[in-house]
Amino acid sequence: MPNDSPRSPVSADPAAASPVDRLVVAARRVVADQVVELELQRPDAGRLPDWTPGAHLDLMLPNGLTRLYSLLGDPRDASSYRIAVQREEHGDGGSRFVHDRLEVGDMVGFGGPRNNFRLVPATSYAFVAGGIGITPILPMLRAATVLGIDWRLLYLGRSPGALAYLAELAGHGDRVQLHCSGSSGARADIDAWIAESPSDAKVYACGPAGLLDAVVRAGANRRAGWVRVERFTATASGPARATPFALEIAGTDRTLIVEPGTTVVETLRIAGFDVLTSCARGVCGTCETEVLAGEPDHRDALLDDAERARGNCFFPCVSRSRSDRLVIAL
Amino acid sequence: MTETLHGPVHRTRPTSSADPFSAELLADPHEFHEALREAGEVVHLERYDVDAMGRYDTVHAALTDWQSFESSAGVGISDFRREPPWRPPSLLLEADPPHHDAPRAVLQKILGPRALRALEPQWRADAAALVDEVLARGTEFDAVTELAEAFPLRVFPDAVGLRQEGREHLLPYGDHLFNTFGPENFLVQHGAPSLPEHAGWVNEQCARDALAPTGFGADIWAATDRGDITEAQAPLMVRSLLSAGVDTTIHALGAILAAFARTPEAWAALRSNPALARVAFDEAIRLESPVQTFFRTTTRDVEIDGVRIPEGRKILMFLGSANRDPRRWSDPGRFDLHRDPSGHVGFGMGIHQCVGQHVARLEAVALLTALAARVETIEPAGTPTRHLNNTLRAWETLPVRLTPDR
Ligand code: HEM
C-alpha cells in the first residue's frame, strides 16, 4: 500500500527509537515495474507479532518518514514480514527512499501490525485490486481458500508488467480476471463486474482512490458492511521522534525522561511505578494507560485510526511520544 | 523454540507414570509440577500417552507458536481429529487462524478496556453494595459463596444480558465443560448425567431474542448486522462468554481472597494503596492459576530440548507449573505484592490469550477496592476445602473472618 503523504523528516535515526521494534531488511526483489518486495525480519530472526489478512505495518524509514504498508505474506510465517513498495515519482520520498537507498541489512523501525481492513466471514468474496493494492488482497485470497469460501478477483493495472504476483495468481484460473487499461485503452467496467458478483458477496477493494470510489458506487445497493475498501488516509501527525521526551505522571510531582532505546514501561518501572503488562507487544491491551496531554506515538496493534486520532490513551509497552512532553494518569 | 537445540539430538524424553487428573494430584499439584519441571522440558505422561510441559519458557513458547501447536484439534485431551467433540467446537478457543480471526477481533473489541469503561461505575457501586450486605449479615462466613461467587453472578450475567430465570445452570455448565478438557474420569462421570439440562439452557440463552437489547450478547449480535461475523457464529460466541467467563473469574476471586487471608501484610498494603488491586489480582492468578492446564496438538514434527515430538501429538501445557517455575520467578510460592507478575501465563499468551481478561480484572478491582474500603483485616476462620476440577484450581469453601472498619 503506497502512502506518500507529506511529512517532514527528522534528524536522527527513528529506527533506533526503541529496542523492541526494529526490523532488518533480509531480502529484496523486484516483483513488477517500479515495485520492490522487501522481506523484513527481527535482527535475531525471532518471532514477530502475529497479524491477520488485511493488516499493515507502520514502517519508520531511516530517513525519518513513517509509511504504512500492507503485509502480503503468510501469517503462518512467524519469522518474516513481506511488503511491496511501488515507486511514486511524485510522492514525498518514502517510496523513492525504499527503492533507491534501502538495502539488505538496513534497519527500519515498525509499529503494529494493525488491521483496519479485516477479512470477515462471507458466503463468497469479490476482491478488486488496483496495482499495488493487490498486497492486502493476497493473504485474503489464501485465507478464503483455506476457509473454503468462494472468491473472485478483478486485478487492474496499466500494463501486465505493472501487475505484481501474476505467477502466484496464475494457479487460480478464471477466478482471477486481469484488466490492463494500457493495452486495450478501455477502462474496466467495475459496475458490471460488481453486479455479476452474488448479491450477498462481501466486496473488498484496495487501490487508487478513483477505483475505490467506483467500487463504492457500484456496491451502493449492497448492505452496509458488505463493501469494504482500504483507503490510505494520510495521518497528519508529525514524524516519529528519536530524542528523549518528558513523561509526566499526573497526580504526582514526578517527571521522567524516556530515552530512545528504553520503553515507557521500563522507564516507569525503574522509577518505581507499577505497570502491569502481559504480552509486552501492544497486542493484549493490559497496560492501556490514559493520556492527558501530549501526542502519543502509537505502536500498538489495537487502536484503529479514529481511536489513535483521539490521542487519549496509549499502550506504554510499545508506544511512545511524538511531543516533547506526554502527561499520563496511572 | 524448535530452532534452538540443546543437548544431543533425538534424546528420548523422560517419562512419568503420574496421573495429573487424579483426585490426589488435582488437590495438591505442586510437588508433581516440580518433578515435571526438573525432569525436562517435555515429559511423556505414560498414563495418557501425552507430552507434558511444565517449565515457563517451554509453555510460553508453545502458547505463542500457534503455527506448530494448534487448537482446532481441541484444547483438551480429546483429539478432535480422531473423536468427534461432544459439543460444536468453540469458534475461539478451539479454532486456528484464519477461522479464529474474525470472531476474535469482534470479541476483543466488545470486551476491551475502552468498552468496559462504561460498566465500571456500576460495577464499583454493585461491589460496594454487596460488601455492605455481606457485612450486615455477619463477619464470619464462606468467602466462596458470599463474595467470590456472589459478585460475578451479580454483575456478569447482567452484563451479558441474560434473563434471570435459569442462571443457576451457569456454574454447573462451566464446571462440567472445564472437566471435559481432561480425561473421562470420576469428575466427568459425575457431571455427565445433568449435562443436557445445563447445556440446553445455556444454548437457549445464546439466541438473539433471548438476550437483553444491550450487553455483550447484544453487541455480539450487532456485529452480524455489520457483517463482521455471520449469524451462525453469533450464538457460539455468546456461548463462549457463558462457558469461559463465570467459573474462571469466581475461582480467581477465591484465589485472591485466600491469598489475602493467608497474608495479612499484603491486605494492609492494599488498604493503604488500593491502586495495588490490579497487580495483586494478577499476582494471585500467577500464584494459583485458576486455569491450570490446556492442551495443544502438534501440526508438524517439533524438536524441543533435543527431543523430537512427532506431528499429531497431544501436548499438555501446565500453566500452573509455568507460573511457579523458579527459573522464571523468585520465591514463586509467595504471594508478593512487590513482585511484577507481568508475563504470567495464567491468562494464556499469544493469539488465544484470554479475551475476557479485562472483564475479570475489572470485576476483581471493583470487589477488592470495595472490600479494602470497609474491611480492616481478613483472616482464615477454619480450614478451606478444595473443589476439584480437571482444568480449574478452585476452593469449595473458604471460611474467613473479617474485621470491619469501626
Ligand atoms: C480470571 C479469570 C480468567 C482466567 C484465569 C482465564 C483464563 C484463560 C486462559 C488461560 C485462556 C487461554 C486458552 C488457550 O490458550 O487455549 C483463556 C481464553 C479465553 N477466555 Fe478466559 N479466563 C478468565 C476469564 C474470562 C472471562 C471473564 C471471559 C469472558 C468474558 C473469558 C473468555 C475467554 C475466551 C472466549 C477465551 C478464548 C480466547 C481465544 O481462544 O481466542 N475468560 N482464558
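Any read-out appearing in this document is the output of simple, stated calculations on the displayed coordinates, not a laboratory observation. A quick note: this is a predicted structure, and the numbers were derived from the prediction, not measured. A quick note on method: Cβ atoms are made from the backbone with ideal geometry, for glycine too, and the neighbour counts reach across all protein chains shown.
In whole Å, what are the extents of chain B along the principal axes defined by its C-alpha atoms, from largest to smallest?
66, 50, 39
With each pseudo-label sitting 7 Å past Cα toward Cβ, what's the B:Ser330-B:Thr230 distance in nm, one decimal?
With each label placed 7 Å out from Cα toward Cβ, I get 5.4 nm.
Can you tell me the 0 to 90 degree angle between the C-alpha axis of helix A:134-147 and the longest principal axis of chain A, rounded to 10?
80 degrees
Rounded, prolate or oblate for the protein assembly as shown? Axes are the square roots of the Cα gyration tensor eigenvalues, ordered a ≥ b ≥ c, and the cut-off for rounded is a/c under 1.5.
Prolate, because a/c is 1.5 or more and a/b exceeds b/c.
How far apart, in nanometres, would the label points at B:Arg401 and A:Ser181 be if each is projected 7 angstrom from Cα along the Cα-to-Cβ direction?
Reported label-point gap for B:Arg401 and A:Ser181 is 8.4 nm.
In whole Å, what three semi-axes, largest first, describe the equivalent ellipsoid of region A:124-230 built from its Cα gyration tensor (square root of 5 times each eigenvalue)?
Semi-axes, largest first: 20, 17, 12 Å.
Can you give me the C-alpha center-to-center distance between region B:113-154 and region B:311-357, rounded to a whole angstrom?
27 Å
Taking Rh as the Kirkwood radius, which is the inverse of the mean 1/r over Cα pairs, what is the Rg/Rh value for region A:245-329?
Using Cα coordinates only, the ratio equals 0.92.
In whole Å, what are the Cα extents of region A:14-114 along the three principal axes, biggest one first?
Principal-axis extents of region A:14-114 (Cα, largest first): 35, 28, 23 Å.
Can you tell me the FRET efficiency between A:Asp100 and B:Ala27 if r is taken as the Cβ-Cβ distance and R0 is 51 Å, rounded to the nearest 0.05?
Using R0 = 51 Å, I get an efficiency of 0.15.
I'd like the GluC sites (Glu not before Pro) in region A:74-152 restricted to DSSP loop residues with at most 12 other Cβ atoms within 10 Å, sorted by number.
When the GluC sites (Glu not before Pro) of region A:74-152 are filtered for loop state and at most 12 Cβ neighbours within 10 Å, A:Glu89, A:Glu103 remain.
Average partner chain C-beta neighbours within 10 Å, per residue of A:280-287?
Mean shielding count: 5.
Mind checking region B:290-367 for GluC sites (Glu not before Pro) that DSSP puts in a loop (not H, G, I, E or B) and that have at most 11 other Cβ atoms within 10 Å?
Sparse-neighbourhood loop GluC sites (Glu not before Pro): B:Glu311.
Thinking of region B:233-385 as a set of Cα atoms, what percent of all their pairs are more than 23 Å apart?
I get 45 percent for the Cα pairs in region B:233-385 exceeding 23 Å.
Applying 1/(1 + (r/R0)^6) with R0 = 22 Å to the Cβ-Cβ distance of A:Ala250 and A:Glu307, what FRET efficiency is obtained, to the nearest 0.05?
For A:Ala250 and A:Glu307, the calculated efficiency is 0.60.
Considering all alpha-carbon pairs of region B:286-329, what whole percent are spaced by more than 15 angstrom?
Considering region B:286-329, 54 percent of its Cα-Cα pairs are separated by more than 15 Å.
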